[in-house]
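After the structure tokens below, expect a handful of questions from me.
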Amino acid sequence: ALRAEPGDVFFIDNSQPHVALADPGWPLQLLLVLFRPELLAGPGCRTLDQGYLAPFRWDERTASPRVRGGTPLAGEIAPLLHRLRDIHLRADPAERFLADATLRTAIALVNRDPAARATPGAVRAAADRREQIRPVLAYVDRNHREQITLEDVADLVHVSPSRVRHVFKDVTRVPFKEYVTQVRVTEAKRLLLSTDLSVAEIARAVSYTNLHQFYKVFYRSCAMSPGEYRRYYTPAAAR
């Protein structure tokens, strides 16, 4: 448990259990910014984009989710969060790009200054782990249309498969196999909306030889079938 002070900023993954409690007799006012992570960094995107989510993937052994109020970093972030609130309240669709840019700027500031939340000695270790998996992310991005095994990427970075598995999940917070699946589903979404390929052709293009399995994986990711996804997200003028 952390005792929050006025002006503190917290970055919390919504999968992490969390609650805010006020002391008896003291009011508590929170400004919450909630967003779907794929708005910033969908699976299979550039490594740089994946890095936007780094502030939410903290490890309690090496970092804290808090940027302390009164620090220069909190002073830079707070006005941006209030600006996001104002944009939201105006509910102007024309400002959606402004909201996106403002959110990215706030998170980019935290990424610029990781030491503001890190425990002593942790910054260099975290950077080393990220560098270790950078070739793995690039390999998956290049080869997601082929069969990919943990042994393949282990050979690439010259460590054991178990080490790759551990470091990959430690850095990305996603198991290796699940990450590869996410990359393939993301590519399938792109093909559904940008080509006239059939669902079966798209399944093969992202390495699924079993069409039933492709439907199952896609539905688990999107809560709709590939055909439903194509119909729902294709602009009416293009139909």
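The values are calculated or read from the model by the stated rules, or taken from the named source; none is laboratory data. Keep in mind that what you see is a predicted model, and the values were worked out from it rather than measured. Counting neighbours? That spans all protein chains shown, and the Cβs are built from the backbone with ideal geometry, glycine included.
Failed condition for P114, given (1) under 19 Å from G7 (Cα atoms); (2) of a type outside the set (K, R); (3) at pLDDT 70 or above, with all others met?
(3)
Take the residues in the range 47-74 that are farther than 19 Å from V174 by Cβ and assigned to a loop (DSSP other than H, G, I, E, B); name whichever of them is modelled with the lowest pLDDT. Outline the logic, then answer.
Taking the range 47-74 as the starting set, the residues that turn out to be farther than 19 Å from V174 by Cβ are 64, 66-74.
So of that shortlist, the ones also assigned to a loop (DSSP other than H, G, I, E, B) come out as 64, 68-71.
On the way: S64: 73, R68: 86, G69: 88, G70: 88, T71: 89.
If we take residues in the range 47-74 being farther than 19 Å from V174 by Cβ and assigned to a loop (DSSP other than H, G, I, E, B), then S64 is modelled with the lowest pLDDT.
Please find, among E178, E151, the residue that is farther than 18 Å from G227 by Cβ, modelled with pLDDT of 90 or more and not hydroxyl-bearing (S, T, Y).
Values: E178 fails: modelled with pLDDT of 90 or more.
Answer to the check: E151.
Where residues in the range 22-39 are free of Cβ contacts under 8 Å to residues at least 40 places away in the same chain and outside any loop (DSSP other than H, G, I, E, B), which of them is farthest from R83 (Cα to Cα)? Quick ask: steps written out before the conclusion?
Initially, the range 22-39 is screened for residues free of Cβ contacts under 8 Å to residues at least 40 places away in the same chain, giving 22-30, 32, 34, 36-38.
Still in the running and outside any loop (DSSP other than H, G, I, E, B): 37-38.
Details: P37: 19, E38: 21 Å.
Filtering the range 22-39 for residues that are free of Cβ contacts under 8 Å to residues at least 40 places away in the same chain and outside any loop (DSSP other than H, G, I, E, B), the one farthest from R83 (Cα to Cα) comes out as E38.
Got a sec? Which helices (runs of 4 or more DSSP H) wholly within the range 142-239 have at least 2 residues that are touching a His at 6+ places or on another chain (Cβ under 7 Å) and touching a residue at least 12 places away in the same chain (Cβ under 8 Å)?
Values: elements: 150-157, 161-172, 176-194, 199-205, 211-222, 226-233.
Of the helices (runs of 4 or more DSSP H) lying wholly inside the range 142-239, those with at least 2 residues that are touching a His at 6+ places or on another chain (Cβ under 7 Å) and touching a residue at least 12 places away in the same chain (Cβ under 8 Å) span 176-194.
List every residue pair whose Cβ atoms sit under 8 Å apart, with the two residues 6 or more apart in sequence or on different chains, where the first one lies in the range 50-62 and is closer than 16 Å to R129 by Cβ and hydroxyl-bearing (S, T, Y) and the second, anywhere, is modelled with pLDDT of 75 or more and surrounded by fewer than 18 Cβ atoms within 10 Å (Cβ to Cβ).
Cβ pairs passing all conditions: none.
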